[in-house]
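Novice: The structure under discussion is supplied below as structure tokens; questions concerning it will follow.
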Amino acid sequence: MLERDVEVSVLDGALRQAAAGHGGVVVLEAAAGLGKTALLRHTREAARDAGCTVLSACGAELERDFTFGAIHQLFGPVLATASTDRLFTGAASAAACLFSPAGEPPHSLHPLLNGLYWLLVNLAGAAPVVVLVDDVQWLDLPSARYLGFLARRLADVPVLLVVASRTGEGDGSPLDDLLTAGDTRLLEPKALSETAVGQLIRPAFGRDAAAEFRGACHAATGGNPLLVRELVRVLVADGVEPDAEAAEAVTAAGPGALRRHLVARLRRRPAAVQAVASAVAVLGDGADLRWVSRQAGLSAPAAATAVETLVRQGFFEDADPPVFVHAVVREVVLSRLPFAERSAQHERAAAVLTEAGLPAERVASHLLKTIPAGDPARVHTLLAAAGEARAQGSPDNAAVYLRRALREPPPPELRSEVNRLLGNCEIHRLAPAEAETHLRLALSLADTPVQRVLGAYSLARVRNARGATDEAVELLAGAVGDLPSDVPAEMAAELEAELVGVARADIGSRARLLTHLDSFCRRPRRSPAIADAQLSMESILAGRPAEEAVDLARRALAGDRLSPDRTAVWAAVQTLVVADLLTEAERHLDRVLATAVRRGLLFPLAFTRGFLARVALLRGDLTSAADHVEQGHAVVSSPDFAAPALEAVTAHLLIEAGRPADADRVIRESVLPDGAEPRTGPDLWLLDARTRLRAVQDDPRAMLADARTCERSYRRWGATLMLDVPWRLRAADAHRRLGDRARAGDLVAEQLRIARSFGVARHVGTALRGAAALAATPADAHRLLAESADLLAHGPAGLELARTLTQLGSRLVEDGDRAAGRAALGRAAEVASRCGATALSERIARALGSRAGPRSRGGAGFTPAERQVVDLATTGSTNRQIAERLYLSEKTVEAHLSNAYRKAGVRSRTQLAARLAGQGAKDDC
């Protein structure tokens, strides 16, 4: 390889590092013909000489829609000879389904990527592994995502990943993902110098070329090695000598002439040879000779003879299976076929591969290249391919086949279903606007009762996810009313269950909810878990003690029977949150999150993060709340049901940070700006944040108006006894500021009565704090605040405890008991600091006449990722087991544990578990 010393040195160094246990990524990016494949070939030979296992794959334009096509190229050969029992242990077992026709794949890309990573780690346990991928720009999307997933997890495993990509081809996303992966090294082979071109052409002529001739070759080819070789092949065939006089002939040939000479050389070959060249160009490199012979319309011996001729003539590099010497040569051969003929050839290829029994995706990759013709058989094949892609966790690839099926177009009886399937794929890949367009079309095209029901159901779920709960209720109610008598009982029950769940989220649909909840609970094939989840909320709304509602919610959540893409799970979790069982609620939300990721359900992620953020806020863990908000915003679309939940927590966090102007901006730009009334349950969380902001801004009239809006909404919602949002306490505070202490007292007394009846310490404690602000005497205020602090100290509401202690300490100091007051303020400072409540900490510090103290150690400062690792580490999981479960590398797990040890002030898992146990003992009291 001429003038490639730098590239070879980097590759050899990376190979030595991988052999020593430190993996890495090298990306080769250059135009076609500049030697990327030769560098990969060098790496392959060096790796084998070093005793490494080599996995190879090459992207192909025809196979970029074949899900996990490159993965099969990489692992297929080694799995055919290795002991799979050893390789598919642990998390790697999730990937076994890709290589076994009997396997049942998970409906998500994430566990498959994680499984493939650990399959590679297991393989590297025997010898270092080198993964070589050429033409990465043409990889199928799941395989490309695997390379990006892999690139971030190689630092401490003996695996070297080397990929080559052609400059200016494809959408760039696979390469972009790799280039952002830490220590990736990018190599960009350049064109050869004139001197190197002279060295390259010398063997063909048997002597050195004249300087003028050499210069003309360099100018004509731009120093591209592939073009130099093809130019020399043309010149030698034409009998040109490499002297100065021939330079003009070289210049006349030029780059464009190379293509013409390639085509001319092929045309001089017999018809059978041309047919085989075209057949391989259409089928793609590596096609079975039997398929090539059928595609070319030749007998097997005739096809084999033609392949050998193409090898001798320099078109093919290998004969069995036939492979072009370069993708550029294949492209030239393919360009000989007129557009209509190329379509016909791909149609024939689809028939050949169908006859050979290949998967629908392989067949459909050719149908994507055909001219639409209204062929129902094509549509059925494309639908089958979409089903295969979706089953392998790739809704993106499934959507490609479904869009092509629509262009065919499908017969009238299938048009509704194809649009519905496409809409469902698009919502899974977080393209809600496109999903809604296709689902509305599916509903309008439905011409059977079942199609109408399915179309309405799918569209309703998208509209609910986008925050249009009222429209979703109407769609579902219409679907339930249109249910044909012969519809399966399970389908009818699921449909009505979703109607109940969506109606619960919609403030104006209380009457419809009650009607259909009663109907659902009488259905013989109803889900008991869904019924219990919805009844747990009804128990709260009826004002019954918390224990009754919690028992129902726990029964509903047992066994993880509630799907994260259905509504019932949120009712059960909300019950736990209102009952202040925050750790228990968070545990179930973490399971919801993991299940959604495992099954590829992207659209519940934002709301799950919003709920987790709210739980963290209520617990007083402001750091985790902020992390959940950030991760939720990363997957939220607009509009989205999750938006008000995320915006509400954001506003509260800004208020806690002493940034009311920023909180005001968030509210004004939210789905609930000034004057807007809430429509959904999460809107009430946002309205509460808006009401609290008015208190900080000292605007009691606006505060009272918002509190009254909240009251009206809860009455419409049938939730006047629900303590999710403390609107009575907000209204009481506004009345007190406006001088109406009597009305304020009535509201606080009502809140305290409901809270004591419900029996949850947080709600009683906050109501007592509200009563203390209206107490007739200092002694009464001290007593009420002390009782509030005692209740809150035994629960998870750290921030509420800090507020009560601050109020108690300030009142004691004002009333002359400085020692007791400063002691209470000192406790408040410690709790507020642990919560990360900046504004409150500074206020306490001013009251104490000191600076805000340092952040205390404890679990409240863990990020969500650290919390997940800590929870598994303190229950006995090894670093390897944690990494497998959370889709991380072992190095990342070690980093999270190290951070957790530092934050908690400990040095081991045992100490960490003991510290967290001490904190957690009071969490669910």
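Coordinate-derived values only; no laboratory data. Note that the coordinates shown come from a computational prediction; the quantities given were computed from them, not determined experimentally. FYI the Cβ positions are ideal-geometry reconstructions off the backbone, even for glycines, and counts take in every protein chain you see.
Novice: Need one word for the range 475-578: rounded, prolate or oblate. Basis is the Cα gyration tensor (sqrt eigenvalues a ≥ b ≥ c); a/c below 1.5 gives rounded, then a/b vs b/c decides. Spell out each step's value before the answer.
Specialist: Details: a/c = 2.05, a/b = 1.52, b/c = 1.35.
The shape class here is prolate.
Novice: Calculate how steeply helix 741-758 sits against the longest principal axis of the alpha-carbon atoms of the chain, using the helix alpha-carbon long axis, and give the answer as 0 to 90 degrees to the nearest 10.
Specialist: Rounded to the nearest ten degrees, it is 70.
Novice: Label point 7 Å out from ARG561 along Cα-to-Cβ: which residues of the range 496-534 have amide N under 20 Å?
Specialist: Under 20 Å, as judged by backbone N against the label point of ARG561, lie 496-502, 517-534 of the range 496-534.
Novice: Under the Kirkwood approximation for Rh and a Cα-based Rg, what ratio Rg/Rh is obtained for the range 738-832? Display every interim value, and only then the final one.
Specialist: Details: Rg = 13.1 Å, Rh = 13.3 Å.
We get a ratio of 0.98 for the range 738-832.
Novice: Sticking with this structure for a sec: Assign unit charges at the C-beta atoms only (+1 for Lys and Arg, -1 for Asp and Glu), then state the dipole size of the range 555-673 relative to its Cα centre in Debye, rounded to the nearest 20. Let's see the in-between values first.
Specialist: Details: 13 positive and 15 negative charges, 91 e Å.
Using only the charged Cβ atoms, the result is roughly 440 debye.
Novice: OK, next. Compute the Rg/Rh shape ratio of the range 597-668: radius of gyration over Kirkwood radius, all on alpha-carbon atoms. Write out the running numbers ahead of the final one.
Specialist: Numbers: Rg = 12.1 Å, Rh = 12.2 Å.
My calculation puts Rg/Rh at 1.00.
Novice: Let me ask something else about it. Work out Dmax and Rg for the range 704-781 from the C-alpha atoms and quote the Rg first, both in angstrom.
Specialist: Spelled out, the Cα radius of gyration and Dmax of the range 704-781 are 12.3, 40 Å.
Novice: Now for a separate question. At 0.36 nm per residue, and after removing the present C-alpha to C-alpha distance, how many nm does the segment from PHE339 to VAL236 gain when stretched out fully? Please report the intermediate quantities before stating the final value.
Specialist: Values: separation 103, 0.36 × 103 = 37.08 nm, distance 3.31 nm.
Extra length available between PHE339 and VAL236 comes to 33.8 nm.
Novice: Moving on to the next point. Quote the FRET efficiency, to the nearest 0.05, computed for ARG701 versus ALA776 with a Förster distance R0 of 22 Å and r equal to the Cβ-Cβ distance. Spell out each step's value before the answer.
Specialist: Working: r = 26 Å, r/R0 = 1.18.
It comes to 0.25.
Novice: Tell me, how many Å apart are the Cα centres for the range 443-470 and for the range 292-330?
Specialist: After rounding, the separation between the Cα centres reads 52 Å.
Novice: Turning to a different aspect of this structure: When DSSP beta bridges are limited to those with both residues in the chain, what percentage is antiparallel, rounded to the nearest 5? Walk me through the numbers on the way to the answer.
Specialist: Numbers: 4 of 25 bridges.
Once the DSSP bridges in the chain are tallied, antiparallel ones form about 15 percent.
Novice: For the range 46-153, what are Rg and Dmax over the alpha carbons, in angstrom?
Specialist: Rg and Dmax of the range 46-153, Cα atoms, are 13.3, 40 Å.
Novice: Where the convex hull is taken over the Cα atoms of the range 861-920, what is its projected area averaged over directions, in nm²? If you can, show how the numbers build up before the last one.
Specialist: Details: hull surface 14.3 nm².
Value for the range 861-920: 3.6 nm².
Novice: Helix-only estimate, please: 222 nm mean residue ellipticity of the chain, summing -39500 (n - 2.57) across DSSP H runs of length 4 or more and dividing by its residues, to the nearest 500.
Specialist: Details: 46 runs with 611 residues, N = 925.
Theoretical 222 nm ellipticity from helices: -21000 deg cm²/dmol.
Novice: Once both labels are modelled 7 Å past Cα along the beta-carbon direction, what's the ALA204-THR878 spacing in nm?
Specialist: 5.8
Novice: Ok, one more. If neighbour count is taken as other Cβ atoms inside 10 Å, put LEU368, LEU161, LEU154, LEU721 in order from fewest to most. It would help to have the intermediate numbers written out before the result.
Specialist: Details: LEU368 18, LEU161 25, LEU154 28, LEU721 14.
Listing LEU368, LEU161, LEU154, LEU721 from fewest to most nearby Cβ atoms yields LEU721, LEU368, LEU161, LEU154.
Novice: Another one. Kindly put LYS36, LYS891 in sequence by how many other C-beta atoms sit within 10 Å of each C-beta, fewest to most. Mind dumping the intermediate values first?
Specialist: Values: LYS36 26, LYS891 15.
Going from sparsest to densest Cβ surroundings: LYS891, LYS36.
Novice: Given the convex hull over the Cα atoms of the range 194-266, what projected area results after averaging over all orientations, in nm²?
Specialist: Values: hull surface 16.3 nm².
Projected area, direction-averaged: 4.1 nm².
Novice: What is the set of long-range amide H partners of SER56 at a cut-off below 5 Å, with H atoms built 1.01 Å from backbone N?
Specialist: Residues meeting the amide H criterion: LEU132.
Novice: When the gyration tensor of the range 540-676 is built from Cα positions, what are the square roots of 5 times its three eigenvalues, in whole Å, from largest to smallest?
Specialist: Values: eigenvalues 134, 66, 38 Å².
Gyration-tensor ellipsoid for the range 540-676: 26, 18, 14 Å.
Novice: Then there's this: I'd like to know which of LEU187, VAL157, SER143 lies farthest towards the positive end of the charge dipole of the range 118-252, counting +1 on Cβ of Lys and Arg and -1 on Cβ of Asp and Glu.
Specialist: Sorting the options by dipole projection puts first VAL157.
Novice: Something else about it: Roughly speaking, what is the stretch gain from ARG544 to ARG753, that is 0.36 nm per residue apart minus the C-alpha to C-alpha distance, in nm to one decimal?
Specialist: Working: separation 209, 0.36 × 209 = 75.24 nm, distance 1.25 nm.
So the extension gain works out to 74.0 nm.
Novice: Now a separate question. Taking a cut-off of 22 Å, what percent of all Cα-Cα pairs in the range 392-486 are separated by more than that? Walk me through the numbers before you get to the answer.
Specialist: Numbers: 1163 of 4465 pairs.
Across the range 392-486, Cα pairs with separations above 22 Å total 26 percent.
Novice: Would you mind working out the magnitude of the charge dipole of the chain relative to its Cα centre, with +1 at each Lys and Arg C-beta and -1 at each Asp and Glu C-beta, to the nearest 20 Debye? Kindly include the intermediate steps, with their values, before the conclusion.
Specialist: Details: 110 positive and 112 negative charges, 391 e Å.
With Lys and Arg at +1 and Asp and Glu at -1, about 1880 debye.
Novice: Could you work out how far helix 376-391 tilts from the main Cα principal axis of the chain, as a 0 to 90 degree angle to the nearest 10?
Specialist: Here the helix axis deviates by roughly 60 degrees.
Novice: Quote the FRET efficiency, to the nearest 0.05, computed for ARG407 versus SER519 with a Förster distance R0 of 41 Å and r equal to the Cβ-Cβ distance. Don't skip to the answer; put the middle values down first.
Specialist: Working: r = 42 Å, r/R0 = 1.02.
Efficiency at R0 = 41 Å is approximately 0.45.
Novice: Once you charge only the Cβ atoms, +1 for Lys and Arg and -1 for Asp and Glu, what is the size of the charge dipole of the range 861-920 about its Cα centre, to the nearest 20 debye? Spell out each step's value before the answer.
Specialist: Numbers: 9 positive and 5 negative charges, 38 e Å.
Dipole magnitude for the range 861-920 comes out near 180 debye.
Novice: Note the per residue figure in Å³ for the convex hull of the C-alpha positions in the chain. Numbers along the way, then the final one.
Specialist: Numbers: hull volume 174.9 nm³, N = 925.
Here the figure is 189 Å³ per residue.
Novice: With equal scatterers on the alpha carbons only and no solvent term, can you work out the Debye log10 of I(q)/I(0) for the range 5-187 at 0.08, 0.11, 0.13 1/Å?
Specialist: -0.22, -0.42, -0.60
Novice: Most exposed first by the Cβ proxy, i.e. fewest other Cβ within 10 Å, how do VAL325, VAL228 rank? Show your work: numbers first, answer last.
Specialist: On the way: VAL325 18, VAL228 26.
Going from sparsest to densest Cβ surroundings: VAL325, VAL228.
Novice: Given a Förster distance of 35 Å, report the FRET efficiency between GLU630 and ALA489 from their Cβ-Cβ distance, rounded to the nearest 0.05.
Specialist: In this case the efficiency is close to 0.20.
Novice: Go through ALA479, ALA275, VAL502 and say which Cα lies farthest out towards the positive end of the charge dipole of the chain; charges sit on Cβ, +1 for Lys and Arg, -1 for Asp and Glu.
Specialist: Positive-end residue among those listed: VAL502.
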